[in-house]
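Colleague: Following this message is one structure expressed as C-alpha cells.
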Amino acid sequence: MHPLVKEILFTKEQIDTRTAELGKEISEFYQTQDVKDNTVILIGLLKGCVPFMANFLNHFTYECQTEFMVVSSYLGGLKTSGEPKINLDLNLSIKGKTILIVEDIVDSGLTLTYVKQYLEFKGAKDVRIVSLLDKPEGRKTSLNPNWYGFTVQKQFLIGYGLDYEERLRNLPYVAICDTSKLDDWKW
C-alpha cells in the first residue's frame, strides 16, 4: 500500500466486478434504443477516465467508437477553478449521434454539465454518463450520472485514474488520500 493511502475503499477486484456489471447493463440498455448507425460514441474525459474506460471497454458489447476530450477545471492539487475549459476537442461530427461520456468521478458536476451542454450544442442526439464513482455530497449542479459504479463520501481520493498533482493515478485501487502527509511529502 502506498504511504499516502489512508484507506483502500475499492480493490481492483471490486472495481473489475462492478465494471463488468455496468458494461453488461449499459450494453443491454443500448440494445433497446434507436441508435444512429447502431454505434455509440464513448467519450472519455482525460486523464482520469483511462483505467476505468479501458476496463469498461472489455465489458461493453454494443458497437462503439472511442473518442477523448481534455476538459480542465482543476488548478492542481485540491483546488478547482470552477470554470471548465476544453483543452482537447473531438475530431469528428457528433450531429445526430448517441454519446456515452465515460468519467472517473462525478463530484461538483460543473465540468460534466458543461461538457454535456457542449455536446448537445454540437448536435448530439442523446448524451448519457457513466462514472466509476459518484460523489453526490459535492454536487453543485442538478446533473447526475446515468450509471455509476460506487457512491463515495466527500473525501480526497486517489488511484485508478484519480490523482494528486498528476500522480498516483496508477494505483490499482481507489483509496482515501492521507492529506495530512501531503505538505511534507517528498516526490
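Colleague: For the range 56-70, enumerate the residues that are surrounded by fewer than 18 Cβ atoms within 10 Å (Cβ to Cβ) and touching a residue at least 40 places away in the same chain (Cβ under 8 Å).
Modeller: Within the range 56-70, HIS59 is the sole residue that qualifies.
Colleague: Filter the range 88-134 down to residues that are buried (at least 23 other Cβ atoms within 10 Å of the Cβ) and of a type in the set (Asp, Glu) and give me whichever is nearest to ASP37 (Cα to Cα).
Modeller: Once the filter is applied, the top-ranked residue is GLU103.
Colleague: Would you be able to say whether some residue in the range 73-81 is modelled with pLDDT under 95, crowded, with 16+ Cβ neighbours inside 10 Å, out of contact with any Gly (no Cβ under 8 Å at 6 or more places or on another chain) and not aromatic (Phe, Trp, Tyr)?
Modeller: Among the residues of the range 73-81, at least one is modelled with pLDDT under 95, crowded, with 16+ Cβ neighbours inside 10 Å, out of contact with any Gly (no Cβ under 8 Å at 6 or more places or on another chain) and not aromatic (Phe, Trp, Tyr), which makes the answer yes.
Colleague: Then there is this: If we keep just the residues of the range 38-55 that are touching a residue at least 60 places away in the same chain (Cβ under 8 Å) and in a helix (DSSP H, G or I), which is surrounded by the fewest Cβ atoms within 10 Å (Cβ to Cβ)?
Modeller: Per the stated criteria, the residue is VAL50.
Colleague: Given the condition farther than 21 Å from GLN155 by Cβ, surrounded by fewer than 15 Cβ atoms within 10 Å (Cβ to Cβ) and in contact with a strand residue (DSSP E or B) (Cβ under 8 Å, 6 or more places away or on another chain), answer yes or no: does some residue in the range 18-31 qualify?
Modeller: Yes, some residue in the range 18-31 is farther than 21 Å from GLN155 by Cβ, surrounded by fewer than 15 Cβ atoms within 10 Å (Cβ to Cβ) and in contact with a strand residue (DSSP E or B) (Cβ under 8 Å, 6 or more places away or on another chain).
Colleague: To continue, here is another question. Restricting the search to the range 1-15, which residues are part of a helix (DSSP H, G or I) and either surrounded by 15 or more Cβ atoms within 10 Å (Cβ to Cβ) or among the β-branched types (Val, Ile, Thr) (or both)?
Modeller: LYS12, GLN14, ILE15
The values are calculated or read from the model by the stated rules, or taken from the named source; none is laboratory data. Every value quoted in this text rests on a predicted model; they were computed, and no experiment measured them. Here Cβ is always computed from backbone atoms with ideal geometry, including for glycine, and neighbour counts include all displayed protein chains.
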